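First comes the structure, then the notes that go with it.
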Amino acid sequence: MADMKIYRGWKDVPELAGLTRSQRRQVLRDCFFRFGFGLWQFWVGQLAILVFALSGDIIGLILEYAFGFPASIEWICGMAGVLIGCGIYSGIYYTVLMDKLRPHFREYLQNHSF
């Protein structure tokens, strides 16, 4: 298995480094909508958000009804679950996405002039 390089942002990806921000967005948008939804990692990320949001909501309900915490705790726990899910989704998915889309970036840039 090849080593996967972790990039801090989209402009750190070698194929996108020389582009302006608007050009980078265009390449990302076009490549993501053509190829991103087909990645199983996308759907795992979506499921992670759902699982953590529901887990946070359930924990909030337990704290509210079993221990007498105020109803706002349920909302706070639900939001914490969403944020944890989004953090996992962002950290893992965008790292994998950059690696998976790099060949498509090269192809796109060969076929389109900027």
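Quote to one decimal, in nm, the extra length available between Ser113 and Phe33 on full extension: 0.36 nm per residue of separation minus the C-alpha distance between them. Write out the running numbers ahead of the final one.
On the way: separation 80, 0.36 × 80 = 28.80 nm, distance 1.95 nm.
Result for the pair: 26.9 nm of gain on full extension.
FRET efficiency for Tyr94 and Val51, Cβ-Cβ distance as r, R0 = 22 Å, nearest 0.05?
Step by step, r from the Cβ atoms, then E = 0.70.
Restricted to Cα positions, what overall size does the chain have along the principal axes? Three whole-Å values, descending.
The Cα atoms of the chain stretch 62, 32, 22 Å along their principal axes.
Mind checking the angle between helix 94-111 and the chain's longest principal axis? C-alpha axes, 0 to 90 degrees, to the nearest 10.
30
Can you give the extra length, in nm with one decimal, that the chain gains between Ile58 and Leu83 once fully stretched, where that is 0.36 nm per residue apart less the Cα-Cα distance? Could the numbers behind the result be given before it?
Details: separation 25, 0.36 × 25 = 9.00 nm, distance 1.50 nm.
Gain on extension, Ile58 to Leu83, equals 7.5 nm.
So for segment 39-104, considering every pair of alpha-carbon atoms, how many percent are separated by more than 18 Å? Before the final figure, lay out the partial values.
Details: 986 of 2145 pairs.
Of the Cα pairs, 46 percent sit more than 18 Å apart.
Please determine, in degrees from 0 to 90 and to the nearest 10, the orientation of helix 21-35 with respect to the longest principal axis defined by the Cα atoms of the chain, where the helix direction is its Cα long axis.
80
If you average the C-alpha positions of segment 1-56 and of segment 70-105 separately, how far apart do those two centres end up, in angstrom?
Cα centres, segment 1-56 to segment 70-105: 12 Å.
Normalising by the residue count of the chain, find the relative contact order in percent from Cα pairs under 8 Å and 6+ residues apart. Kindly include the intermediate steps, with their values, before the conclusion.
Numbers: 103 pairs, mean separation 38.1, N = 114.
Once normalised by length, the contact order is 33 percent.
How far is helix 40-67 tilted, in degrees, relative to the longest principal axis of the Cα atoms in the chain, given as a value from 0 to 90 rounded to the nearest 10?
20
Springs between alpha-carbon atoms under 10 Å, Gaussian network over the chain: tell me which of Gly87, Gly18, Gly78 tops the mean-square fluctuations.
Residue with maximal mean-square fluctuation among Gly87, Gly18, Gly78: Gly18.
Can you figure out the FRET efficiency of Arg8 with Ile76, using R₀ = 30 Å and their beta-carbon distance, to the nearest 0.05? The partial results should precede the final answer.
On the way: r = 30 Å, r/R0 = 1.01.
Efficiency, rounded to the nearest 0.05: 0.50.
Taken together, the values in this text are just the output of simple stated rules run on the coordinates, not laboratory data. Bear in mind that the values here come from a model prediction, so they are computed numbers and not experimental data. Counting neighbours? That spans all protein chains shown, and the Cβs are built from the backbone with ideal geometry, glycine included.
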